[in-house]
1. Of the residues that sit in segment 431-468 and are surrounded by 24 or more Cβ atoms within 10 Å (Cβ to Cβ) and not β-branched (Val, Ile, Thr), which one is nearest to the chain's Cα centre (by Cα)?
2. Criterion first (in contact with an Asp or Glu (Cβ under 6 Å, 6 or more places away or on another chain), open to solvent by 50 Å² or more (accessible area, probe 1.4 Å) and more than 21 Å from Val96 (Cβ to Cβ)) does Pro402 satisfy it?
3. Please find, within segment 160-178, the residue that is least open to solvent (accessible area, probe 1.4 Å) out of those that are touching a strand residue (DSSP E or B) at 6+ places or on another chain (Cβ under 9 Å) and more than 12 Å from Ala226 (Cβ to Cβ).
4. So how many residues does segment 131-165 have that are over 22 Å from Glu282 (Cα atoms) and of a type in the set (Gly, Ala, Ser)?
5. Give Val281, Val257, Val325 a once-over and let me know the one that is in a helix (DSSP H, G or I), more than 24 Å from Arg128 (Cβ to Cβ) and among the β-branched types (Val, Ile, Thr).
6. Determine if segment 186-193 includes at least one residue that is surrounded by fewer than 22 Cβ atoms within 10 Å (Cβ to Cβ) and in a strand (DSSP E or B).
Amino acid sequence: MQNPLRNIPTVGELLESPPLKALVSKISRNALANVVLATLDEIRHEAVTAAAEMTLPNATELAERIARRVAEGIVFTPRATINATGIILRNDLGGVPLADAAVASLSASARDYAHWELDIVSGKPVRRDSAIVSALRELSGAEAALILNDERVATVLACEALASGREILVSRGEITEFDGGLRLPDVIAAGHAKIREVGATAATNIQDYSVALERDDSKVAAILRAEPRDFLVSGAINRPALGELVVLARSYRVPVVHLLAAEAPFDRLPAAPTVSAVNAVESLRAGADVVILRGDGLLGGPQCGIILGRKTFIDQIAKHPFVGVAAADRLTLTALAVTLRLHREPERAAQAVPVVQLACVSKENLQNRAERLAPQIAAAKNVVLRAEPQSGVAYLRGVPLPGRELPTWRVVVTPAHGPAERLAATLRCGVPSLTCKVEADRVVIDLRSVLPRQDAEIVGAFEVAAGL
């Protein structure tokens, strides 16, 4: 009887397989050979100790297993990937891609010393974010600004500075959830304030706020308006305008805090109007005293929390003892400074800020790219049976919200062999890495979240998978 262990591929054969040859550019051949040897030893041990006859993996399956192991073993060096899921705002893929100009400034700032807290002319100490605060004031019209390392942290400190030990009024229809599962009531509680819900989910009017204030205005410290994130309340709804809340709040001398969604930076996107909620400029013009937004939404900058508003309240928040601990670091400020400079010219931002470019790209542009890519992907015969262009709908955060649709075009790929999940895993582990969706046992390449410069890399990912 033939020894089944003889059918196990050699180290040399595996190193020459397409999945592993592609990894040689990422790690040394010797390091890869060590992983191969360790995996082969495990296979031999499993075959010898198995109670019954086991089916040994073939060379392709074994190479893919080793490639996945290598990918999992180098998590300390995050790998760049092409986001072909159609979802533009994906926190699990590291936030949003930065503008080329921001990346270049990041490299220079990280490599050398920089005048962050030292005036270049006088040599005297200055606030590290003073120039960026000026840019934020220019873009938004705010009296003052504060930059912290996270939107959730910014909200907690704002609640504690403005309402510690007192109540914040929030409509029941606005009880939202931050990324990571942190809910608004928990954030307010972390700021040592108390949430008082007013109105109903689909019907909150100005009288609901007024009644809550009249009962005991000494207990109420602020009114909070939170924009919906991954949900919409539609139908017969009632919600007071922000301006109405401001008028009421002024009469009781309490501030209005406006918590914006990720798609509401400074300007509406002319080419994608359905994704813009009330933005920071409109909020401040309506009279909001404190506006909180995130830097890594459609602003297209680094992860951070930005607080804008009236100087009296921003100064009050800035005096919180934890502000220094939660302040954005110099790399965050570098990337944010360049991104804000690009936003001074909306048309320039639509070309230079990646997420704005992705949100604003036309359906016709995506169709032309999909029709051009499909036959190139189909040429990878070893892994692709068919590749067809197809129109579709995408959403900024992947949640299908009515009225927030973004038209898109995709390339739908039918695998030549095996399930689509296996091909998707191979593409994720490849070089370049390609993250895509699987629908109805087909791999879907959605171009709404793919930058034009990455089209050739997508073709290359399929060629690597096919061993071409």
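1. Restricting attention to segment 431-468, the residues satisfying the condition of being surrounded by 24 or more Cβ atoms within 10 Å (Cβ to Cβ) are 434, 436, 443, 445-450, 461-462.
From the residues that got through so far, the ones that are not β-branched (Val, Ile, Thr) too are 434, 436, 446-449, 461-462.
On the way: Leu434: 17, Cys436: 16, Asp446: 17, Leu447: 17, Arg448: 14, Ser449: 11, Ala461: 23, Phe462: 25 Å.
Going through the qualifying residues, I end up with Ser449.
2. On the way: in contact with an Asp or Glu (Cβ under 6 Å, 6 or more places away or on another chain): no; open to solvent by 50 Å² or more (accessible area, probe 1.4 Å): yes; more than 21 Å from Val96 (Cβ to Cβ): yes.
For Pro402, the condition - in contact with an Asp or Glu (Cβ under 6 Å, 6 or more places away or on another chain), open to solvent by 50 Å² or more (accessible area, probe 1.4 Å) and more than 21 Å from Val96 (Cβ to Cβ) - is not met.
3. Only one residue tops the list, namely Ala163.
4. Number satisfying all stated conditions: 5.
5. Values: Val257 fails: in a helix (DSSP H, G or I); Val325 fails: more than 24 Å from Arg128 (Cβ to Cβ).
Exactly one residue qualifies, and that residue is Val281.
6. Scanning segment 186-193 turns up no residue that is surrounded by fewer than 22 Cβ atoms within 10 Å (Cβ to Cβ) and in a strand (DSSP E or B).
Residues checked against (1) touching a residue at least 60 places away in the same chain (Cβ under 8 Å); (2) under 19 Å from Thr85 (Cβ atoms); (3) open to solvent by less than 20 Å² (accessible area, probe 1.4 Å):
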position	(1), (2), (3)
Ala328	yes, no, yes
Ala335	yes, no, yes
Val338	yes, no, yes
Leu342	yes, no, yes
Pro346	yes, no, no
Ala352	yes, no, no
Val356	yes, yes, yes
Lys363	no, yes, no
Leu366	yes, yes, yes
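The values are calculated or read from the model by the stated rules, or taken from the named source; none is laboratory data. The model shown is predicted, which means the values in this text are computed figures rather than measured ones. Cβ atoms come from the backbone with ideal geometry, glycine included; neighbour counts cover every protein chain shown. Accessible surface areas use protein heavy atoms only, side chains included; no ligands, DNA or RNA. Shrake-Rupley method; radii C 1.70, N 1.55, O 1.52, S 1.80 Å.
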